[in-house]
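The values are calculated or read from the model by the stated rules, or taken from the named source; none is laboratory data. This one's a predicted model, so the numbers in the text were calculated from it and none came from an experiment. Cβ coordinates were reconstructed from backbone atoms using ideal geometry, including for glycine residues, and neighbour counts include every protein chain displayed. The area values use the complete protein model at the heavy-atom level, side chains included, leaving out ligands, DNA and RNA. Shrake-Rupley method; radii C 1.70, N 1.55, O 1.52, S 1.80 Å.
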There are 2 protein chains.
Amino acid sequence: MGAELKENIKAACGQFNPVFGDTKSNINKICCMTEEARSDLIVFPELASSGYEFKDRNELKSLALDFNSGAEIKRLKQTAKETNTYIVVGLAEKDRDKLYNSAILLMPDGKTHTYRKNHLFDREKALFDRGDKPFSVVETPIGRIGLMICFDWIFPEAARLLSLGGAQIICHPSNLVLSFCQRAMFARSVENGVFTITCNRIGTESRTDRALTFTGGSQILGNRGETLAQAGTDTEEIISAEIKPVLADEKMITMNNHILNDRRTELYGRLL
Amino acid sequence: MGAELKENIKAACGQFNPVFGDTKSNINKICCMTEEARSDLIVFPELASSGYEFKDRNELKSLALDFNSGAEIKRLKQTAKETNTYIVVGLAEKDRDKLYNSAILLMPDGKTHTYRKNHLFDREKALFDRGDKPFSVVETPIGRIGLMICFDWIFPEAARLLSLGGAQIICHPSNLVLSFCQRAMFARSVENGVFTITCNRIGTESRTDRALTFTGGSQILGNRGETLAQAGTDTEEIISAEIKPVLADEKMITMNNHILNDRRTELYGRLL
């Protein structure tokens, strides 16, 4: 029994304020927002079950989830199945002695796809192991989905690699403390001709010697850069838009220009 | 006698409406605006001596300039010398049987540097030969300068390669008919930590079966994406800003993140 291909989908962001260390309530929030959104796809922030500002690696370890077991992943899988929703959520991942800043895509059929943040931001370098896998794309009945996390945005290579890999929709869980990204994602959508869904968190954490205030502004952008939905800077909210992922397969932006095939890769040697 | 290094420079754009086919008056305009700007560096639009909408390759050929001879290049060199200005201008270039959409940097000491557009836009593919050289950077006493032309903006690889090559200032002659680029250049400055100077033209050309209206909005952006100067959408004007090119050498955007060295090139294979 294969799932039916869906041409028009409802995509959503669940912007909220995770409570640091309260895994249970955060997972509960994610499941409730998924139910409320009644969407085909919903994206949640980075590190949404734990919060962001770990005191040290031990504290991170105590809050990281084993994606192969544990009640939390089970509950998320259950929600994906019951609501028939593709859920993307950023979570701290524990894999033996490694700790990753990951995003997981949970599919209604029980399958999952994981991405481990390749470009760690600032203090994250002292806490997490960096991602160890290329950017890859998952083919689903609601479209081809690529994942990147927060600071990956500043490297055009990330969204580019996902687009070259066939992504129609880039899902982008974030914990942004500035507003550069929200402004720059326009370029990511336009230069690749893809839908981008940036879900940022809100709220303030003051657990170390610094206070971090997250800037919200979650947004869903169309494959030509149109703002299809945008959240406030400090409100818990679900935003959503009807999108047609197959539009992202149209890479001809004039009669004569294919934005991926026009790349002059023979002249790009210095990129690697 | 070596030119003295200059730490703070005045950078400018000369936004104007080239008269199609009137090479002499267009070159005159460029020289007059250079004199008026009294800047260290000035950028002019793409195809600024010819206009944009050639009827065919023969017409283009008749208006293209041989960069190794001819009164026009001589006059521009003379102006660069007399005003002590680095002039960047987009020109149709004739090199034996080849025709390029080029940008030339004319330096006060008489030297020049040429870039030939690598990513041709739409009908340009039927008129011009495409560029045949990698993106390269020129070291000058006013900073390290990289050139790209108009549609190159949509390929993040172009500005990236110039930045990897050491550019502090990207000069970007353009003939834009939409406003995507002006909005997206913010990302180019931020993701590379470089100054960008986009000089667009204004006016309308109706020489073929279509009318093209150019969108002006020339802009000078700082190495963190700040708008330092911006022109109107349909006014002839010189805009300028004082900039400190060496700021673009600071690629650390947090205590722990170098935006070029943090690239995970071992994972970027698909880019080439």
Inter-label distance, nm, simple model (7 Å from Cα along the C-beta direction), B:S69/B:S179
4.7
Accessible area buried, both sides summed, chains B and A with 1.4 Å probe, Å²
4700
Placed amide H near B:L99: partners under 5 Å, 5+ positions off or other chain:
B:D129
Over the stretch B:9-271, the quotient of the Cα radius of gyration and 2.2 N^0.38 Å is 0.95
Accessible area expressed per residue, chain B, with surrounding protein chains retained (probe 1.4 Å, Å²)
39
What list of ³J(HN,Hα) couplings, whole Hz, do you get for the stretch A:259-264 from phi and the Karplus terms 6.51, -1.76, 1.60, once you set θ to phi - 60° and write x for glycine and proline?
5, 9, 6, 6, 4, 9
Across bins of 5 angstrom width beginning at 0, how are the C-alpha pair distances of the stretch B:150-272 distributed, in whole percent?
2, 11, 19, 21, 17, 12, 8, 5, 3, 1, 0, 0
How much length is gained if the chain between B:T235 and B:R96 is pulled fully straight, taking 0.36 nm per residue apart and subtracting their Cα-Cα distance, in nm to one decimal?
46.4 nm
Label 7 Å beyond Cα on the Cβ vector: A:D122 copy-to-copy distances, nm:
4.3
Nearest-first distances (nm) between copies at A:M255, label 7 Å from Cα via Cβ
5.8
Using the Kirkwood radius built from alpha carbon pairs, what does the Stokes-Einstein equation give as D for the stretch A:153-194 at 4 °C and 1.567 mPa s, in µm² per second?
121
Out of A:F54, A:L267, A:I9 - ranked by how far each Cα lies towards the positive end of the dipole of chain A, with unit charges on the beta-carbon of charged residues - the top one is A:L267
Here the percent of antiparallel bridges among DSSP beta bridges lying wholly in chain A, to the nearest 5, is 70
Per residue, how big is the convex hull around the C-alpha atoms of the protein assembly as shown? Give it to me in cubic angstrom, could you?
149
Quickly estimate the mean residue ellipticity at 222 nm for chain A, helices only: each DSSP H run with n ≥ 4 gives -39500 (n - 2.57), and the total goes over all residues, rounded to 500.
-6500 deg cm²/dmol
Go through B:K81/B:K117; B:K111/B:K133; B:K24/B:K74 and tell me which ones have a Cα-Cα distance over 22 Å in this structure.
B:K81/B:K117
Quick test of your reading: applying the under-4.7 Å Cβ rule, which cysteines of the protein assembly as shown are isolated?
A:C31, A:C32, A:C150, A:C171, A:C181, B:C31, B:C32, B:C150, B:C171, B:C181
When the charge dipole of chain A is computed with +1 on Lys and Arg Cβ and -1 on Asp and Glu Cβ about the Cα centre, the Cα farthest towards its positive end, among A:A126, A:P18, A:A248, belongs to A:A126
Once neighbouring chains are kept in place and the probe is 1.4 Å, which whole percent of the accessible area of the protein assembly as shown is contributed by carbon and sulfur?
48
If you count, for every residue in B:251-258, the Cβ atoms of partner chains within 10 Å of its Cβ, what is the mean?
4
Taking amide H positions as placed 1.01 Å from N in the peptide plane, with prolines and chain starts having none, which residues 5 or more places from B:L65, or on another chain, fall under 5 Å of its amide H?
B:A92, B:E93, B:K94
Run the simple label-point estimate for A:L212 and B:K125 please: 7 Å along Cα→C-beta, distance reported in nm.
4.5
Rounded to 0.05, the calculated FRET efficiency for the beta carbons of A:R38 and A:M255 at R₀ = 51 Å is 0.80
Magnitude of the Cβ-charge dipole (Lys and Arg +1, Asp and Glu -1) of the stretch B:1-147 about the Cα centre, nearest 20 debye, reported as 200
